[in-house]
Amino acid sequence: MSGRLRFGLVGAGGIAQSYAQAFERSQRGQLVAVADVRPEAAKALGEVFGCPSFGSHEAMAEAVSLEAVVVCTPPVSHMDICHDFLERKVPVLCEKPLAIDSASARHMIETAKQAGVRFTMASKFRYAEDVVRAKAIVSSGILGEIVLFENAFTSRVDMTQRWNSKPAISGGGVLIDNGTHSVDLIRYFLGPIADVQCVEGKRSQGLDVEETVRIFVRSTAGVLGSIDLSWSINKELESYINIYGTHGTISVGWRESRYRQSSGRDWVVFGKGYDKVQAFTAQIDNFVGAIRGEEALLITAADALASVEVVETAYADLRRSHWVKIKGGAKSKPAMAARPA
Ligand SMILES: NC(=O)c1ccc[n+]([C@@H]2O[C@H](COP(=O)([O-])OP(=O)(O)OC[C@H]3O[C@@H](n4cnc5c(N)ncnc54)[C@H](O)[C@@H]3O)[C@@H](O)[C@H]2O)c1
């Protein structure tokens, strides 16, 4: 099938700007309408594409014939917006996190199933070229048996004035925000996750949600993964994924990626590093291909649900204390509840 699929976009804020760049590049999807509860934001983006804008997603759905929609609104709104489009039989690509809890995620997926339309979560890193190539290298077996996976997304960002730090809107802090990307990546490389542990670090911004966490996961195959997430610090790392196998190591970096087999002396450099617009374009194109029945979704609805479940379980663990007191030691400051139980 040819021609570009007609997309609507809901939520013309920060991440919508990356979608705008991706739609400019995509050969498979075109933006034909924009909606935002801030009509001026919808209008500004609509003008760039020469397409109509609306003050609500319902108004857009009524007025424009859409073949797909991208939902780029804050997490708490995902369920209602996605539900509305799915009931209208419009396929939906919903920004991460799919939902703020697994009950909502299941409800959305069931609605899509009943409607018989494509529905999944957007999580850009799986579509990054270097990540896809790293996955192929790991799967080839040249690094031996994978024993340890490490991922870090740490970048100091002032969240005091943003919805991201308001648990009723975001569902939590850095764990549900950046952590959703991490969990999706770790599942891409290691398969299903069996166990999770999560501990919280210091809050430097005084937010009502966690700012820094370290997560440990164990895959069903017994591979250990560790994830560092923070809105408070920047670890200044060159890579965001490091995977260690019995016969070698691979590193996916922001500027380039590389691997080394233990039997060889040299690192083999591959890829060009992280290109956000490339990742968003590939994500749109894969969604179009799946709608047209030409290819499988790289992130399925089942993957999306699993990521919500892992994050939810990590929150349950975060609320417990893992620490064992040192006899005679000073009392540590307990972290506040990251999100309501
Ligand atoms: N993939 C990524 O790298 C990435 C990066 C940032 C954010 N995100 C995700 O994208 C989503 C949006 O984040 P953002 O940073 O762009 O937020 P943002 O606050 O910059 O933009 C959200 C927009 O949605 C609008 N909005 C809110 N409720 C609405 C509703 N009911 N109907 C229509 N419009 C509504 C707001 O007015 C705002 O313009 C979140 O789910 C977030 O987790 C993903």
Calculate log10 I(q)/I(0) of the stretch 106-187 for q = 0.13, 0.21, 0.24, 0.25 Å⁻¹, where I(q) comes from the Debye formula with a single equal point scatterer on each Cα and nothing for solvent. -0.65, -1.08, -1.17, -1.20
Would you tally the net charge around Ser307, using a Cβ to Cβ cut-off of less than 12 Å, leaving Ser307 out, and scoring K and R as +1, D and E as -1? -1
Would you kindly give the portion of the calculated P(r) for the stretch 189-312 that falls above 27 Å, as a percent of all Cα pairs? 37 percent
For the chain, the percent of all C-alpha pairs falling in each 20 Å bin, from 0 up to the bin holding the max distance, is 30, 57, 13, 0
Normalise the Cα radius of gyration of the stretch 1-151 by 2.2 N^0.38 Å (N = residues in it) and let me know the number. 1.17
Report, to the nearest 10°, how far helix 301-318 tilts away from the longest principal axis of the Cα atoms in the chain, using its own Cα long axis and a range of 0 to 90°. 40 degrees
Helix 78-87 sits off the longest principal axis of the Cα atoms of the chain, rounded to the nearest 10 on a 0 to 90 degree scale, by 40 degrees
Calculate the radius of gyration of the Cα atoms of the stretch 198-248 to one decimal place, then report Dmax, the largest Cα-Cα distance, as a whole number, both in Å. 13.9, 44
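All of the numbers you see were taken from the coordinates with simple rules; none came from a lab. All figures in this text were calculated on a predicted structure; none of them were measured in a lab. Heads up, the Cβs are rebuilt from the backbone with ideal geometry, glycines too, and the neighbour counts pull from every protein chain shown.
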